[in-house]
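The values are calculated or read from the model by the stated rules, or taken from the named source; none is laboratory data. Values in this document were obtained by computation on a predicted structure and should not be read as measured data. Note: ideal-geometry Cβ built from the backbone for every residue, glycine included; neighbour counts use all protein chains shown.
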Amino acid sequence: MRNVLLRLEKFTVTMKSGSFEQIASKEFSTVEDVALSEKTGKELRKIDWHIVKRLVVFLYYDGKTKRTNIATSCNLGYDKCIRYLDWMKKMDLISKEHDKEGFELVSLNEKGMEIYEKNFKEV
């Protein structure tokens, strides 16, 4: 399988419904090589911040969840969901663990919770 690398550099992303400048400048401004989508072998060409928000909000409220349930609940295709979850794992926003039946469960870690609290929490 081909290993695809994405170079993250300083960037700023703003949106009409809210500003992602804090996330972009604080969380994603370091330059580092990140291998994307280890399972599918496909790369994310650009980050859709609406999808990241959906995933973070869903994981905040639903806790430890299987990947398939995350994809269907967030209205994403499974492959696209896996690519975003892999990216979020590389950015240290989520943690993955296995239950007693061997299924992988995904949940937000402290950094992911902090991003939700600072940027996505409804007032």
| field | Pairs, first touching a residue at least 60 places away in the same chain (Cβ under 8 Å) in segment 96-119, second outside any helix (DSSP H, G or I) and acidic (Asp, Glu), C-beta under 8 Å, six or more apart | value | Lys111/Asp92
| Out of segment 75-95, which residues are surrounded by 15 or more Cβ atoms within 10 Å (Cβ to Cβ) and farther than 16 Å from Ile47 by Cα? | Ile94, Ser95
| request: Name every residue in segment 48-63 that is at pLDDT 90 or above and outside any helix (DSSP H, G or I), in order of residue number. | output: Asp48
